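Read the structure below first, then the notes.
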Amino acid sequence: MDTFQKLYGISRSRIKRHCIISPLSEAFLFSGLHPGNTHKGFFFRAVETRFATILSPRFSLFAGDCVLGLEGSPCEYIYLFGSCGGLPGMRIGDMVMVNKAYNFESFSDMLGKKTARRRIVPDARLSGEIKAFSKGAVKSFAGCATVNSFLLEERYAGIFKKTGISCVDMESSLVLNAAAYIEKKAAVLMYVSDIIGKKPLYNGLRPREQQRLEKSRRVLAGLLTSFIRMYEENPLT
């Protein structure tokens, strides 16, 4: 067994050209891709489907490594799918595509109030095709701050707003930078699961908000499922 298979639980040659980076708990949302076996590696789990490979890092901080390890594999397109926190003005269940991911990955830098950050953008053509395919279902393109502290993200809310950031997550910058490094096309699709400073996850959601959130998860996953299937039938060049 080589290193790749030890890490991912699957051989490199069995990776599909479409790869979804998502929590394992979300894999059931992609039933339209006809999921099959789930493989458990040391750091990542891989769900084989007919049209794509779903990869789930054990921890958010391994998302960049998950993408970096795909170098030399059949993977061509990478989609980050999951939840994000919205800044005030966003709503629970809003569906967004990231057009800029800002690197606020360092906990220590954020404690020191260092605010100058580099940004990375997804593949413009792939993101544009998904946006057009959604026919308005995806609310907007969004600037996203990638952080690793739920407490510091609240303290930085004002800075984020001034920078044009409207949502926060823990993976976007990692995934997009790693994808660019290995020359793969990547896009980020997320749904808003909490509102920073107003509706934190640890306070719970009202029944109507929970229903809206669950609907958004399924709609966004269904959109990505349909897009990948369409893409396989009519591939872009």
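Out of the residues in segment 224-237 meeting the condition of being over 30 Å from TYR156 (Cβ atoms) and surrounded by 19 or more Cβ atoms within 10 Å (Cβ to Cβ), tell me which one is farthest from the chain's Cα centre (by Cα).
Checking each candidate, the answer is TYR231.
Of all residues in segment 157-187, how many are buried (at least 22 other Cβ atoms within 10 Å of the Cβ) and in a strand (DSSP E or B)?
Number of matching residues: 7.
How many of the residues in segment 130-143 are part of a helix (DSSP H, G or I) and touching a strand residue (DSSP E or B) at 6+ places or on another chain (Cβ under 9 Å)?
At the first step, the residues of segment 130-143 found to be part of a helix (DSSP H, G or I) are 130-134.
Right, trim to touching a strand residue (DSSP E or B) at 6+ places or on another chain (Cβ under 9 Å) and you get 130-131, 134.
Count: 3.
Any residue at all in segment 207-221 that's of a type outside the set (Gly, Ala, Ser), in contact with a helix residue (DSSP H, G or I) (Cβ under 8 Å, 6 or more places away or on another chain) and buried (at least 20 other Cβ atoms within 10 Å of the Cβ)?
No: zero hits.
Can you pull out every residue in segment 188-197 that is of a type outside the set (Ser, Thr, Tyr) and either under 19 Å from VAL96 (Cα atoms) or surrounded by 24 or more Cβ atoms within 10 Å (Cβ to Cβ) (or both)? Show your work before the answer.
Residues of segment 188-197 of a type outside the set (Ser, Thr, Tyr): 188-190, 192, 194-197.
Correct list: VAL188, LEU189, MET190, VAL192, ASP194, ILE195, ILE196.
Let me confirm something: among ASP65, ASP109, which residue is farther than 25 Å from GLU233 by Cβ, of a type in the set (D, E, K, R), surrounded by fewer than 17 Cβ atoms within 10 Å (Cβ to Cβ) and touching a Pro at 6+ places or on another chain (Cβ under 9 Å)?
Result of the check over ASP65, ASP109: ASP65.
Assess whether GLU154 counts as being in a loop (DSSP other than H, G, I, E, B) and more than 16 Å from the chain's Cα centre (by Cα).
Details: in a loop (DSSP other than H, G, I, E, B): no; more than 16 Å from the chain's Cα centre (by Cα): yes.
In short, no.
List the number of the failed condition for TYR77; all other conditions in (1) among the aromatic types (Phe, Trp, Tyr); (2) surrounded by fewer than 16 Cβ atoms within 10 Å (Cβ to Cβ); (3) closer than 20 Å to VAL121 by Cβ hold.
It fails just one condition, (2).
May I ask you to list pairs of residues, at least six apart or on different chains, whose Cβ atoms are under 8 Å apart, with the first in segment 191-219 being more than 21 Å from TYR156 (Cβ to Cβ) and the second being basic (Lys, Arg)?
Sorted first by the residue in segment 191-219, then by its partner, the pairs are TYR191/ARG217; LEU205/LYS199; GLU209/LYS199; ARG212/ARG91.
All of the numbers you see were taken from the coordinates with simple rules; none came from a lab. Just so it is clear, the structure is predicted and the values come from calculations on it, not from any experiment. Positions of Cβ are backbone-derived with ideal geometry, glycine not excepted, and every protein chain shown enters the neighbour counts.
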